[in-house]
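K.L.:
First the structure, then my questions, so here it is.
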Amino acid sequence: ADSTEWLRLEVVGQSFLLHMIRKMVAVASEASRTDRGDPSTLLDGLTSDDAVNLQVAPGEGLYLAAPVFDNYNKYKAQPPQKPKLEWDATHAKHDVIERFRVEVIEDGIVQGGKAEALLPWVLY
């Protein structure tokens, strides 16, 4: 059996920049590594005004699970002409969408994921 361990990470925010999520995952991974010394030294780079080169985590296994349109719904939606965009538990198909996300997308990532593809990044 495959001994790969997978971590589900949830990030909530708005207006992400290019590779921002992948950089956040990389920083979190770096902070958790015990073979790199004191993880608090990362804070020096993250709180500095100086440019810092950050690793970018691989995109394999990353996906947008639930788009959130709070600002659109608050400022732009004008039902019924411009209906609100809501994908939360109140959505009529929420149970179907959630089952698909877990059984097809997440299980597909775990079953089809190739841990070997991540090794060069993990072992850099």
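The values are calculated or read from the model by the stated rules, or taken from the named source; none is laboratory data. Because the structure is a prediction, the values reported are computed rather than measured. Note: ideal-geometry Cβ built from the backbone for every residue, glycine included; neighbour counts use all protein chains shown. Protein only, heavy atoms only, side chains kept; ligands, DNA and RNA dropped before computing areas. Shrake-Rupley method; radii C 1.70, N 1.55, O 1.52, S 1.80 Å.
K.L.:
Where in the stretch 34-108 are there chymotrypsin sites (Phe, Trp or Tyr not before Pro) that are in a DSSP coil and have at most 11 other Cβ atoms within 10 angstrom of their Cβ?
P.N.:
When the chymotrypsin sites (Phe, Trp or Tyr not before Pro) of the stretch 34-108 are filtered for loop state and at most 11 Cβ neighbours within 10 Å, 63 remain.
K.L.:
Determine ³J(HN,Hα), in whole Hz, for all residues of the stretch 16-29 in sequence, where each value follows from phi through the Karplus function 6.51 cos²θ - 1.76 cosθ + 1.60 and θ = phi - 60°; x replaces Gly and Pro.
P.N.:
Calculated HN-Hα couplings, in order: 5, 7, 3, 6, 4, 4, 5, 6, 5, 5, 5, 5, 4, 5 Hz.
K.L.:
Next question. So what is the accessible area of the chain per residue, in Å², with the probe set to 1.4 Å?
P.N.:
Numbers: 10220 Å² over 124 residues.
Accessible area per residue, the chain: 82 Å².
K.L.:
Also, quick follow-up: Taking GluC sites (Glu not before Pro) as candidate sites, keep only those in a DSSP loop with at most 12 other Cβ atoms within 10 Å, then name the longest stretch of the chain containing none of them.
P.N.:
Values: sites that count: 5, 10.
That would be 11-124.
K.L.:
Can you give the calculated 222 nm mean residue ellipticity of the chain, where each DSSP H run of n ≥ 4 adds -39,500 (n - 2.57) and the sum is split over every residue, rounded to the nearest 500 deg cm²/dmol? Spell out each step's value before the answer.
P.N.:
Values: 6 runs with 46 residues, N = 124.
Only helices count here, giving -9500 deg cm²/dmol.
K.L.:
Below 24 Å Cα-Cα, how many Lys pairs turn up in the chain? Only count pairs eight or more apart in sequence, or on different chains, if you could. Write out the running numbers ahead of the final one.
P.N.:
Working: 23/114; 74/82; 74/84; 74/93; 76/84; 76/93; 82/93; 84/93.
Number of lysine pairs found: 8.
K.L.:
Evaluate the relative contact order of the chain (contact order divided by residue number), counting alpha-carbon pairs under 8 angstrom at least 6 apart; express in whole percent. Show your work: numbers first, answer last.
P.N.:
Working: 56 pairs, mean separation 26.3, N = 124.
This gives 21 percent for the chain.
K.L.:
Just name one of 26, 58, 96: the one whose Cα is farthest towards the positive end of the charge dipole of the stretch 19-116 (beta-carbon charges, Lys/Arg +1, Asp/Glu -1).
P.N.:
96
K.L.:
Hey, another quick one. About the Cα centre of the chain, how large is the charge dipole given +1 on each Lys and Arg Cβ and -1 on each Asp and Glu Cβ? Please answer in debye to the nearest 20.
P.N.:
About 640 debye.
K.L.:
Computed from these coordinates, which is Cα Rg over 2.2 N^0.38 Å: (i) 1.10; (ii) 1.21; (iii) 1.36?
P.N.:
Recomputing Cα Rg over 2.2 N^0.38 Å here gives the entry labelled (iii).
K.L.:
Of all trypsin sites (Lys or Arg not before Pro) in the stretch 24-102, which ones are in loop regions per DSSP and have a Cβ with at most 12 other Cβ atoms within 10 Å?
P.N.:
For trypsin sites (Lys or Arg not before Pro) across the stretch 24-102 that sit outside H, G, I, E and B with at most 12 neighbouring Cβ atoms in 10 Å, the list reads 33, 36, 76, 93.
K.L.:
Still on this structure, please answer the following. Taking all protein chains in place and a 1.4 Å probe, what share, in percent, of the accessible surface of the chain do carbon and sulfur account for? Walk me through the numbers on the way to the answer.
P.N.:
Working: 5780 of 10220 Å².
The computed percentage sits at 57.
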